[in-house]
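As structure tokens, the structure follows; a few thoughts come after it.
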Amino acid sequence: MGLAIAFPVARQLAATGHEVHAIMGARTKDLLLLEEQFRSILPEDHIHITTDDGSYGEKGVVTAPLERLLQDKAVNQVFCVGPVPMMKFSTLTAEKYGTPIIASLNPIMVDGTGMCGCCRVEVDGQTKFACVDGPDFDATKVDWNDLRARQAAYRTEEGQSLKAYEEANCACQR
Ligand code: FES
């Protein structure tokens, strides 16, 4: 399941003879990413797509096909990357079946060198810097509520910035 980090992992595992399934979810069809890439390496029945609004694939969220796979198959490992709520609930689903799950975290980052401290995440009760200690961690050890709160820290400023960008009628939008 997942996108940016998970695709190279999926390609490598599929190329070495492992059975790999890709679960991809998005709010709506137009926001789905990397479908073609996953289709190029996996058989049709190993691709599972969900959209919140039902515009493509199964209506709903990725935890539904994840749970079916965990019930039906001997899954050795789950990888997830994407929005924090999706990763949190995927982790809870994998934990229910005792299946290991790795999350590729995406906190706010500034310098990406381990110096600014912006990307702090709590993992197994310890502070880690996702840029240098991760970004991949045992998802069952991640403090998801802390990560979600930290990601929302600049929501007001992000909204103001987006508004200013839209009002300026930026050349790249024309
Ligand atoms: S982004 Fe600055 S420490 Fe990780």
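Structure notes:
- From the list Asp111, Asp133, the lone residue that is surrounded by 15 or more Cβ atoms within 10 Å (Cβ to Cβ) and within 11 Å of the ligand (Cβ to nearest atom) is Asp133.
Yes/no per residue for (1) under 21 Å from Glu67 (Cβ atoms); (2) of a type in the set (Asp, Glu); (3) modelled with pLDDT under 95; (4) more than 16 Å from the chain's Cα centre (by Cα):
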| site | (1), (2), (3), (4) |
| --- | --- |
| Gly82 | yes, no, yes, no |
| Phe89 | yes, no, no, no |
| Ala94 | yes, no, no, no |
| Ile101 | yes, no, no, no |
| Glu122 | no, yes, no, yes |
| Asp133 | no, yes, no, yes |
| Thr140 | yes, no, no, no |
| Asp143 | no, yes, no, no |
| Asp146 | no, yes, no, yes |
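- In the set (1) within 22 Å of the chain's Cα centre (by Cα); (2) aromatic (Phe, Trp, Tyr); (3) not in a strand (DSSP E or B), Tyr165 fails one condition alone, (1).
- All of Leu33, Leu13 fail the test of being part of a helix (DSSP H, G or I), modelled with pLDDT under 95 and open to solvent by 40 Å² or more (accessible area, probe 1.4 Å), apart from Leu13.
- Some residue of the stretch 61-73 being modelled with pLDDT under 95, within 16 Å of the ligand (Cβ to nearest atom), more than 19 Å from the chain's Cα centre (by Cα) and among the charged types (D, E, K, R): no
- Scanning the stretch 149-156 turns up at least one residue that is in a helix (DSSP H, G or I), open to solvent by 80 Å² or more (accessible area, probe 1.4 Å), more than 14 Å from the ligand (Cβ to nearest atom) and modelled with pLDDT under 95.
The values are calculated or read from the model by the stated rules, or taken from the named source; none is laboratory data. This structure is a prediction, so every number in the text was calculated from the model and none was measured. Cβ: placed from backbone, ideal geometry, glycine included. Neighbour counts: every protein chain shown. Quick note on the areas: whole protein, heavy atoms, side chains included, nothing else; ligands and nucleic acids left out. Shrake-Rupley method; radii C 1.70, N 1.55, O 1.52, S 1.80 Å.
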